[in-house]
Amino acid sequence: MKSERMRLRDRLELVFADFEDQQYQKGDIVLRPGEQVSHLYLLRQGAVRQYVRVGEGEVTIHIYREGAVVPLALVLAGVKNRFYFEAMGPVTVRRTAVGVGLRKIEDDEMVLKELLRRFAQATLGLATRIEYVLGERSGRRVAGLLVYLAERFGEKRGGKTVIKLALTQREIASWVGLARETVSRELKRLKAKGLIVDHKTIINLAKLKRVME
């Protein structure tokens, strides 16, 4: 039996069925700040990072995974885009004009309800990340982010949890508001404690969670 997420993806495939796939490679920009948002993109494969540049650095806002519609939140809010949307690896999207996509989404009650649930989850996730970025020591910031990514993008392999993202230490630093060197140091500490293999492979997720307590 298909999960709610898979059923939603099937319904969204119908919304975007009349359009061809487009491919992006890691680092390609799907949408830039100031560009008119004229299309909605169904993310069919890969992950897309939404971030903003602050001074000489970057702050990651959100990571979209397969089945997401980008940038639906901006379209619904009616605001000008001020973010970068960047492919985190090989990405396949299918796009439709904003007006066409919105009409089809609004006609499907199941899709509307599920997208509303996703927005609620994303808002809560952002609130949690802001909490530990503003109020925690560097070690707990890094551990907290790894737990969040493991729960959202993790896959069990041989007793370990592998984060299925083409994620770099620089990108981790942009999420938690730390220098890359600080992130590297904290990752080495977590590895020395036997909690992780590297920044994408977690040995014991339950113990890593306790680092945040």
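The values are calculated or read from the model by the stated rules, or taken from the named source; none is laboratory data. Here the structure is a predicted model, which is why all the values come from computation and not from measurement. Positions of Cβ are generated from backbone atoms using ideal geometry, with glycine treated the same way; all protein chains shown enter the neighbour counts.
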message: For the structure I just gave you, tell me whether Ala143 is small (Gly, Ala, Ser) and either surrounded by 19 or more Cβ atoms within 10 Å (Cβ to Cβ) or in contact (Cβ under 8 Å) with a residue 60 or more places away in the chain (or both).
response: yes
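Okay, residues lined up against (1) in a strand (DSSP E or B); (2) under 16 Å from Ala122 (Cα atoms); (3) not acidic (Asp, Glu):
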| residue | (1), (2), (3) |
| --- | --- |
| Arg9 | no, no, yes |
| Leu14 | no, no, yes |
| Gln36 | no, no, yes |
| Leu42 | yes, no, yes |
| Arg49 | yes, yes, yes |
| Val52 | yes, no, yes |
| Ile61 | yes, yes, yes |
| Leu74 | no, yes, yes |
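Within segment 64-76, identify whether any single residue is among the hydroxyl-bearing types (Ser, Thr, Tyr) and crowded, with 18+ Cβ neighbours inside 10 Å, and answer yes or no.
Looking through segment 64-76, at least one residue is among the hydroxyl-bearing types (Ser, Thr, Tyr) and crowded, with 18+ Cβ neighbours inside 10 Å.
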message: Between a residue in segment 40-63 that is basic (Lys, Arg) and any residue that is part of a loop (DSSP other than H, G, I, E, B), which pairs come within a Cβ distance under 6 Å, given they are 6 or more apart or on different chains?
response: Arg49/Met88
- request: Could you figure out which of (1) touching a helix residue (DSSP H, G or I) at 6+ places or on another chain (Cβ under 9 Å); (2) closer than 25 Å to Glu171 by Cβ; (3) at pLDDT 85 or above isn't true of Thr60?
  value: (3)
- line: The residue that is modelled with the highest pLDDT, considering only those in segment 13-48 that are more than 27 Å from Leu167 (Cα to Cα) and touching a Gly at 6+ places or on another chain (Cβ under 9 Å), is Phe16
- prompt: Can you pull out the residues in segment 52-95 that are under 15 Å from Val30 (Cβ atoms) and small (Gly, Ala, Ser)?
  reply: Ala68, Ala73, Ala87, Gly89
Single residue of segment 144-187 satisfying the filter (of a type in the set (Ser, Thr, Tyr) and in contact with a helix residue (DSSP H, G or I) (Cβ under 8 Å, 6 or more places away or on another chain)) that is farthest from Val52 (Cα to Cα): Thr161
task: Identify, by number, the condition in (1) out of contact with any Lys or Arg (no Cβ under 6 Å at 6 or more places or on another chain); (2) touching a residue at least 12 places away in the same chain (Cβ under 8 Å); (3) outside any helix (DSSP H, G or I) that Ile105 doesn't meet.
output: (3)
message: Return the residues of segment 21-36 that are under 18 Å from Ile61 (Cα atoms) and buried (at least 17 other Cβ atoms within 10 Å of the Cβ); say none if nothing qualifies.
response: Val30, Leu31
message: Return the residues of segment 183-213 that are more than 14 Å from Ile172 (Cα to Cα), among the charged types (D, E, K, R) and under 22 Å from the mean Cα position of the chain (by Cα); say none if nothing qualifies.
response: Lys209
query: Quick check: anything in segment 90-100 more than 23 Å from Val54 (Cα to Cα), in a loop (DSSP other than H, G, I, E, B) and modelled with pLDDT of 90 or more?
result: yes
